[in-house]
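Every number here is computed from the coordinates shown, using simple stated rules; none is lab data. None of these values were measured; they are calculated from a predicted model. Here the Cβ positions follow ideal geometry from the backbone for every residue, glycine too, while neighbour counts run over all protein chains shown.
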Amino acid sequence: MSAETDADPGTAGTETGAGADGRPRPPAGASAVAGLDLKPALEAVLMVVDEPATEEHLAKVLQRPRRAIAVALRELSDEYTRQGRGFDLRLVAGGWRYYTRPEYADAVEGFVLDGRQARLTQAALETLAVVAYRQPVSRSRVSAVRGVNCDGVMRTLLQRGLTEEAGTEPETGAILYRTTNYFLERMGLRGLDELPELAPFLPEADAVEAESQEGVPSFDVDDSGDSQT
């Protein structure tokens, strides 16, 4: 007859011990997000925000107390300043976001203006087409139509003056985008009504609604729009 060992009632149903990095593992069933190092997690999230992220929202997403979030954000901002980084982490309009430092404005301006002369990649052309036919449209809906995360490509289109912000979506607060007059000039169009009849071949907004949750990317990143061809 084999011997039975009673489980310790204080540990039954939970996973204990330490991970490879020596930090305690979260209890079984807990989200993996709660076990991430806080500062790198904050950096990763803030790299993809469309607008300043509040401490409350970051605390909810990363499953940490707001005070811990606030302290980590201020420490990161101080670290970037001490290290002389070309970007800064600032508290603006009630939220946190990365900004380039004013002393490097000439470098940024040179890059943006040079980019206007480069040819658009296939990824950028596809993204621009979705914006043109579905405007005003949020980044997440563009990503839903293309099936990849379009954040990098959207930034390129904004930098080149082909798209611009057009308010926010009432339901979600997501930033909406539309094409610009410069887009019409480059396309040789007098107005959007002269666009070719391609809209019927694009998915309707309702068809991608379930996949268009702003701020929750569920696609592979498509950053090819930032490259030059």
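Taken one residue at a time, the phi angles of segment 187-194 give Karplus couplings (6.51, -1.76, 1.60, θ = phi - 60°) of 8, x, 10, 8, x, 5, 5, 8 Hz. Gly and Pro are set to x. The gain in end-to-end length when the Glu194 to Glu79 segment is fully stretched comes to 36.3 nm, 0.36 nm per residue minus the alpha carbon separation. Taken one residue at a time, the phi angles of segment 57-72 give Karplus couplings (6.51, -1.76, 1.60, θ = phi - 60°) of 5, 5, 5, 5, 5, 8, 6, 10, x, 4, 4, 5, 5, 4, 5, 5 Hz. Gly and Pro are set to x. Each peptide in 158-171, 140-153 was scored by the mean count of other Cβ atoms within 10 Å over its residues; highest first, the order is 140-153, 158-171.
For segment 65-146, the square roots of the Cα gyration tensor eigenvalues, ordered a ≥ b ≥ c, give a/c of at least 1.5 with a/b no greater than b/c, which places it in the oblate category. Note: relative contact order over segment 33-119, using C-alpha pairs below 8 Å and six or more positions apart, is 28 percent.
Taking amide H atoms as placed 1.01 Å from N in the peptide plane, the amide H of Ser138 lies under 5 Å from those of Tyr177, each 5 or more residues away in sequence or on another chain.
Packing, as the average of other Cβ atoms within 10 Å across residues, places the peptides 98-106, 50-58, 37-45 in the order 50-58, 37-45, 98-106, highest first. Computed from backbone phi, the HN-Hα couplings of segment 76-87 come to 4, 4, 5, 5, 4, 5, 4, 7, x, 5, x, 10 Hz, rounded to whole numbers (Karplus: 6.51 cos²θ - 1.76 cosθ + 1.60, θ = phi - 60°; Gly and Pro given as x).
Computed extension gain for Val48 through Met187, at 0.36 nm per residue and net of the alpha carbon distance, reaches 47.1 nm. Under the rule a/c < 1.5 gives rounded, and otherwise a/b versus b/c splits prolate from oblate, where does segment 33-183 land using the Cα gyration tensor? Here segment 33-183 falls in the oblate category. Note on Thr100 and Glu171: the model spin-label points, each 7 Å out from Cα along the C-beta direction, lie 3.6 nm apart.
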